[in-house]
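The values are calculated or read from the model by the stated rules, or taken from the named source; none is laboratory data. What you see is a predicted model; the values in this text were computed from it and never measured. Positions of Cβ are generated from backbone atoms using ideal geometry, with glycine treated the same way; all protein chains shown enter the neighbour counts.
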Amino acid sequence: MDEKNFEKLLLSVSKPGRYSGGEVGSVYKDNKEKLVRFALCFPDSYEIGMSHLGVKILYSVLNDRDDTWCERVFAPWGDFEEVMRQNNIPLFALESRDSVKDFDIIGFSLMYEMCYTTVLNMLDLAGIPVYAKDRNELFNIVVAGGACTYNPEPLADFIDIFMIGEGEELICELTALYKKFKDERKTKAEFLQAAAQIKGLYVPSLYKVTYNQDGTIQSFEPQGGAPKTVQKRIIKDLDSAPYPQMFVMPYCETVFDRATAEIFRGCIRGCRFCQAGFVYRPVREKSADTIIKQSAQLCENTGYEELSLLSLSTSDHSQIEPLLSGLYDYAQENKISLSLPSLRIDNFSDDLLKKISGIRKTGLTFAPEAGTQRLRDAINKNITEEDIFKSCKMAFMGGYTSVKLYFMLGLPTETDEDIIGIADLAQRILDLFYSLEDRPKGKSPSITISVACFIPKPFTPFEFAAQNSKEELQRKQQLLLASVHSKKIRVNYHDSSTSYIEAVLAKGNRNLCDVVYKAFKNGANLDGWSEYYKPEAWQKAFEECGVDPLFFSGREIPTDEINPWDFIDIGVTKKYLISEYQKAKQGTTTPNCRKRCSYCGARCFNAGICKEGENKCSK
Ligand code: SF4
């Protein structure tokens, strides 16, 4: 690429720093023709991708290998894509600026269903055929990992290999296998057959799906010696797992531009709508010592002056007191600002509360998810009003004035009473503020209700549930708005139109591949961004393919139906998910993993919390 011309083109678009490369922390290697070239592609903007911890971990793990050079690729924003297409600039990697078409392995991180058309657009921009069947060489192998691979089927026709589960070890095994087969001049077909034997790798072209007349799956059969089920991979011991000592430092502003400490994986809670809570089981913690050591190393190497913690529920770390205390001391000593997510502070010692009160200055957030205790029990959200009011009271007395509450609309078993209950809960928190004599004087309180639409996801007890129609969700949004009677309570809600496509893609089967392709051809790209989202592109695609989207998202699935994702083994059994779905309908709760094991099946990994106590495998 002509450097001068490239610079000129960059100056014609917004945020050229997204495409320039050359950031501190980028990895460069010599003798590239001798290395496995790995393009780590994030199907979203630079700002989102550069904030993603998984990308940073895999970038560092792959570049630690002597035989591999991993480079970053992000989706261009619309203005730059136009420039690229007009000037015949193929999609390129930031480090070498080589075209993605020159890479051996092209790996996508699938974090969100609304990125599927962006994956196709990126392949197209690179000049690579989007359908896997049109790529015949042992080159440009397209792989994908990330949360969406727990139902990979809507992308089955495009991706050569899916990596199911945690990627640190798996991606190295895949790369080593590729190198061996490339050196031995083997074919792509031979490579795929061998890859299918590695635990956690799913090769969709080696499975044949047949359908019943009503469109449901009749059989899902492996071919050519591929395994019948694909078990997800996990890292058993996070203390000894690789963690980056350096991040690439972005040139332009990103969503999170700071040092991040991952403190554990999984969640003890088992909220019935939450996919992460089931697919990342069992909970595995890093020790406080490891976290403090890794954080210090990262801050030192990057020069970051801000450190944040990452997990699904920080307060549930079993060593939260020594951890926060140690991090606080380190941060104080080194003038690092520690940013903590919302914590359950009700069981902290006075000492620790005093320490962290100096740093917790942002607003208070809670995720009750549902407006009434009945519905909170049905979704197994183990949070009571007593918990909320106790924490709000402490926070108000400590000087806080704003509270943000997260809810979902359209949850299974929801009634209008539950929706009115959301407004009512917010009102009572407001009343609590005014009832306190020690409340912050001279300040006005504000309560924000943030509502998302419920999306049934695979590998949750609600995978069987139907999603509300768009019209019903819109009616519920209006009911909520009409139930709020104070100007100090604000309601934000998420667009029900993208939630509807998200649910279809989350639960779809292989028949959706052509729909995703047609939607992309109809102009869908960067669907997660409201300024780009084109519902008509999807609508037309469903019509062109003769596919009824409500078949996937709008009906309750019988528990004995074969789901497109049933061939994946996440540890947690389908039997357990069915029993949890039944308990939801009865409104009964399940205790968290630390209180009592419920024999979900994840014990079979023999790791983390399942190893503690007397838990036994239920499989
Ligand atoms: S087997 Fe028991 S402890 Fe382990 S994740 Fe399942 S419920 Fe939790």
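Structure notes:
- Selected residue (criterion: nearest to the chain's Cα centre (by Cα)) from residues of segment 429-474 that are free of Cβ contacts under 8 Å to residues at least 24 places away in the same chain and over 18 Å from Asn492 (Cβ atoms): Glu471
- Residue match in segment 542-563 (condition: buried (at least 20 other Cβ atoms within 10 Å of the Cβ), acidic (Asp, Glu) and either within 25 Å of the chain's Cα centre (by Cα) or at positive phi (or both)): no
- Verdict on Thr384 being within 18 Å of Thr590 (Cα to Cα) and either among the β-branched types (Val, Ile, Thr) or free of Cβ contacts under 8 Å to residues at least 40 places away in the same chain (or both): yes
- Single unsatisfied condition, Thr149 versus (1) over 27 Å from Gln275 (Cβ atoms); (2) assigned to a helix (DSSP H, G or I); (3) not acidic (Asp, Glu): (1)
- Within segment 425-447, tally of residues that are in a helix (DSSP H, G or I), touching a helix residue (DSSP H, G or I) at 6+ places or on another chain (Cβ under 8 Å) and crowded, with 18+ Cβ neighbours inside 10 Å: 3
- On the stretch given as segment 270-317, residues that are assigned to a loop (DSSP other than H, G, I, E, B), out of contact with any Cys (no Cβ under 8 Å at 6 or more places or on another chain) and closer than 15 Å to Cys600 by Cα total 2.
- Hits in segment 288-298 - residues which are in contact (Cβ under 8 Å) with a residue 40 or more places away in the chain and within 25 Å of the chain's Cα centre (by Cα): Thr290, Gln294, Leu298
- Selection status of Gly215, away from the ligand (no atom under 16 Å from the Cβ), at pLDDT 95 or above and not in a strand (DSSP E or B): yes
- Among the conditions (1) at pLDDT 90 or above; (2) away from the ligand (no atom under 15 Å from the Cβ); (3) over 21 Å from Val61 (Cα atoms), the only one that Glu253 does not satisfy is (1).
- Selection of helices (runs of 4 or more DSSP H) fully inside segment 1-120 by the criterion of at least 2 residues being basic (Lys, Arg) returns 3-11.
- Sole exception among (1) in contact with a Gly (Cβ under 7 Å, 6 or more places away or on another chain); (2) surrounded by fewer than 16 Cβ atoms within 10 Å (Cβ to Cβ) for Glu305, by number: (1)
- Every listed requirement among (1) more than 24 Å from Phe139 (Cα to Cα); (2) free of Cβ contacts under 8 Å to residues at least 60 places away in the same chain; (3) in a loop (DSSP other than H, G, I, E, B) is met by Glu221 save one, (3).
- Those helices (runs of 4 or more DSSP H) of segment 509-619 in which 3 or more residues are more than 16 Å from the ligand (Cβ to nearest atom) and among the charged types (D, E, K, R) occupy 512-521, 535-545.
- Scan of segment 204-221 for residues that are surrounded by 12 or more Cβ atoms within 10 Å (Cβ to Cβ) and either among the small types (Gly, Ala, Ser) or within 20 Å of Gly571 (Cα to Cα) (or both), ordered by number: Ser205, Gly215, Phe220
- Against the numbered list (1) farther than 22 Å from Lys56 by Cβ; (2) buried (at least 20 other Cβ atoms within 10 Å of the Cβ), Gln332 comes up short only at (2).
- Only one of the numbered conditions (1) within 22 Å of Thr365 (Cβ to Cβ); (2) not in a helix (DSSP H, G or I) is violated by His485, and that is (1).
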